[in-house]
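K.L.:
Handing you this structure, nothing more for now.
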Amino acid sequence: MTRERLEEIRAQLDEINLEILELLSRRAELVQEIGDLKKRKGTERFDPIREKEMLDRLVAANPGPFDDSTVRHLFKQIFQASLGLMEEEKKELLVSRKKRTEDTVIEVNGVRIGGGQPVIIAGPCSVETPEQMDAVGAGLQQHGILLLRGGAYKPRTSPYDFQGLGKKGLELIRKTADKYGMAVVSEIVSPSDIEMSLEYVDVIQIGARNMQNFELLKEAGNVRKPVLLKRGMSATIEELLFAAEYIVSRGNTEVILCERGIRTYEKATRNTLDISAVPILKQESHLPVIVDITHSTGRKDILLPIAKAALAVGADGLIVEVHPEPSVALSDAKQQLNLPQFAQWMEGLKASGYLPKQEP
Ligand code: PEP
Ligand code: MN
């Protein structure tokens, strides 16, 4: 082939490319028109029967040299790109940063969650006895803790394990919190208990196992009380945000997201703390994000570095389990700090510079 001939063919190809592009653009405009018509009629954009008809017609008219499957493949790509044009703009979630650029700040008991200063939610895994709650309340008060956690309804793996004191537990944690000037953070597991819980809790906790209990999320969305929503142990970040959307879309805009570790093959920790979830959630959503350092690790010896890591990547707060006598705790005995250990942990955290000089 002479050099001239090669140049000539290349020039023709360039021309054909432009013609194809022009035809594709014309085709795209027609597709958009169909999309508008279908939108007005409310019909489904993707029509697989019509698509099959078009492909069959093209294959029947195939003059070669491409084989039929290549023709199908090429046109399928064109159809798919066209369908993309017809798709509605992606609906942004209410919890998304794209919907609201400023951080949501949730005020509980004078504590601003998501306001730039990290907060600490501390207390036992379960509410057990008046003595236990009084000891932990008094101990935490000494460190200026204003948010008291404690489960009255315990979602336990085994039905034979302690299931929590129920309403009596809520009464007890409320009494303790009132005595020591704290707010109550406690888990509710049943949609029918949400209304009743309002009298006792300042923050409704929805646990990892219930992150996709949609009826519970809807009920929590119907009330006006902050909700601490924990990430399911096998839930993606996107699924956590959708779960939060269930609550926010019902009008309850005060949702705190909580990373509490996910299930992986690693056995050194109870769960694997997904530290990258924190900056991703902060980026994707305007809601406050906290980290449960106790349930994510399931161990006491790494709580200080883990807490520092969580705050370093932008967490708005931490959850830590504290029990006056962890060895006899009715749940999570191995992972709870006793009061001297908590004091030491607080000291270490303060020294790290991540906590405000004075407790809020
Ligand atoms: C809890 O915080 O008491 C608890 C049960 O945690 P999770 O739902 O994260 O397992
Ligand atoms: Mn626990």
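K.L.:
Dipole of region 71-193, Cα-centred, from +1 at each Lys and Arg C-beta and -1 at each Asp and Glu C-beta, to the nearest 20 debye?
P.N.:
Charge dipole, region 71-193, about its Cα centre: 420 debye, nearest 20.
K.L.:
Test of understanding: express the Cα radius of gyration of region 189-343 as a ratio to 2.2 N^0.38 Å, with N the residue count.
P.N.:
My calculation over the Cα atoms of region 189-343 gives 1.04.
K.L.:
Tell me, rounded to the nearest percent, the portion of alpha carbon pairs in region 168-228 spaced more than 15 Å apart.
P.N.:
Summing the P(r) tail past 15 Å for region 168-228 gives 45 percent.
K.L.:
Another one. Would you mind calculating the relative contact order of region 14-153 from Cα pairs under 8 angstrom and at least 6 residues apart, reporting the percent as a whole number?
P.N.:
Relative contact order for region 14-153 comes out at 16 percent.
K.L.:
Then there's this: Looking only at region 205-296, where both bridge partners belong to it, what percent of the DSSP beta bridges are antiparallel (to the nearest 5)?
P.N.:
10
K.L.:
Between TYR246, VAL136, PHE79, whose Cα lies farthest towards the positive end of the dipole of the chain when Lys and Arg beta carbons carry +1 and Asp and Glu beta carbons carry -1, centred on the Cα centre?
P.N.:
Result: VAL136, furthest along the dipole toward the positive end.
K.L.:
Set the bar at 24 Å for Cα to Cα. Now go through LYS282/LYS334; LYS175/LYS334; LYS167/LYS225; LYS168/LYS350; LYS168/LYS225 and name every pair that lies beyond it.
P.N.:
LYS282/LYS334; LYS175/LYS334; LYS168/LYS350
K.L.:
What is the antiparallel percent of DSSP beta bridges lying wholly in the chain, to the nearest 5?
P.N.:
15
K.L.:
For region 78-207, what is the largest minus smallest coordinate of the Cα atoms on each principal axis, given in angstrom and ordered from greatest to least?
P.N.:
70, 39, 23
K.L.:
Can you tell me which of ASP134, ASP68, ASP274 moves the most in a GNM of the chain? Springs connect C-alpha atoms under 10 Å apart.
P.N.:
Evaluated over the chain, the most mobile residue of the options is ASP68.
K.L.:
Moving on. Pairing the Cα long axis of helix 48-60 with the longest principal axis of the chain, what angle in degrees results, from 0 to 90 and rounded to the nearest 10?
P.N.:
The two axes meet at around 30 degrees.
K.L.:
What's the angle, to the nearest 10 degrees (0 to 90), between helix 303-312's Cα axis and the longest principal axis of the chain?
P.N.:
50
K.L.:
Give the Kirkwood hydrodynamic radius (Å, one decimal) of the chain, defined as one over the mean of 1/r across all pairs of different Cα atoms.
P.N.:
After inverting the pairwise mean of 1/r, the radius is 23.7 Å.
K.L.:
Name the most mobile residue of THR157, THR297, THR129, meaning the one with the largest mean-square fluctuation, in a Gaussian network model of the chain with Cα contacts below 10 Å.
P.N.:
Between THR157, THR297, THR129, it is THR157 that shows the largest mean-square fluctuation.
K.L.:
Quick one: P(r) of region 66-146 from all Cα-Cα pairs, 10 Å bins, percents rounded to integers, in order of increasing distance.
P.N.:
P(r) over region 66-146, rounded to whole percents: 13, 20, 17, 13, 12, 11, 10, 4, 0.
K.L.:
Please work out the ratio of the alpha-carbon Rg of region 128-190 to 2.2 N^0.38 Å and round it to two decimals.
P.N.:
1.13
K.L.:
Only four residue types carry charge here, +1 at the Cβ of Lys and Arg and -1 at the Cβ of Asp and Glu. Report the dipole size of the chain about the Cα centre in Debye, rounded to the nearest 20.
P.N.:
620
K.L.:
Dividing the Cα convex hull volume of region 1-83 by residue count, how many Å³ per residue is that?
P.N.:
Convex hull volume per residue, Cα atoms: 100 Å³.
K.L.:
In a Gaussian network model over the chain where Cα atoms closer than 10 Å are linked, find which of LEU216, LEU13, LEU257 has the largest mean-square fluctuation.
P.N.:
LEU13
K.L.:
Alpha carbon centre of region 154-194 versus region 245-314: separation in Å?
P.N.:
21
K.L.:
Here's another thing I want to ask about it. If one computes the Cα centroid of region 212-241 and of region 1-51, what distance in Å separates the two points?
P.N.:
Rounded to whole Å, the Cα centres lie 45 Å apart.
K.L.:
Show that you can apply the helix-only estimate: for the chain, add -39,500 (n - 2.57) for every DSSP H stretch of four or more residues, divide by all residues, and state [θ] at 222 nm to the nearest 500.
P.N.:
-14000 deg cm²/dmol
K.L.:
What are the ³J(HN,Hα) values, in whole Hz, obtained from phi via the Karplus relation 6.51 cos²θ - 1.76 cosθ + 1.60 with θ = phi - 60°, for each residue of region 34-45 in sequence order, with x given for Gly and Pro?
P.N.:
4, x, 4, 4, 5, 4, 4, 7, x, 8, 5, 5
K.L.:
Sort region 221-312 into rounded, prolate or oblate with this rule: let a ≥ b ≥ c be the square roots of the eigenvalues of the Cα gyration tensor; rounded if a/c is under 1.5, and if a/c is not under 1.5, prolate when a/b is larger than b/c, oblate otherwise.
P.N.:
Prolate, since a/c reaches 1.5 and a/b exceeds b/c.
K.L.:
Of all DSSP beta bridges located in region 160-318, what percent are antiparallel, nearest 5?
P.N.:
If we restrict to bridges inside region 160-318, about 5 percent are antiparallel.
K.L.:
Out of the GluC sites (Glu not before Pro) in region 1-84, which ones are loop residues according to DSSP with at most 14 other C-beta atoms within 10 Å?
P.N.:
GLU44
K.L.:
How tilted is helix 167-179 with respect to the longest principal axis of the chain? Cα atoms for both, answer in degrees (0 to 90, nearest 10).
P.N.:
70
K.L.:
Can you report the principal axis dimensions of region 20-64 using only the alpha carbons, biggest first, rounded to whole angstrom?
P.N.:
Rounded to whole Å, the extents work out to 39, 26, 9 Å.
K.L.:
Continuing with the same structure: Putting +1 on Lys and Arg Cβ atoms and -1 on Asp and Glu Cβ atoms, find which of VAL320, LEU216, ILE34 reaches farthest to the positive end of the dipole of the chain.
P.N.:
VAL320
K.L.:
From the backbone phi of region 71-85, what are the Karplus-calculated ³J(HN,Hα) couplings (6.51 cos²θ - 1.76 cosθ + 1.60, θ = phi - 60°) in whole Hz, Gly and Pro given as x?
P.N.:
Along region 71-85, the couplings run 4, 4, 4, 4, 6, 4, 4, 5, 4, 5, 5, 5, 4, x, 5 Hz.
Values quoted throughout were computed directly from the atomic coordinates according to the rules given, and no laboratory measurement underlies them. Only a predicted model underlies this, so the values are computations on that prediction, with no experimental measurement involved. As a convention, Cβ positions derive from the backbone with ideal geometry for all residues, glycine included, and neighbour counts pool all protein chains shown.
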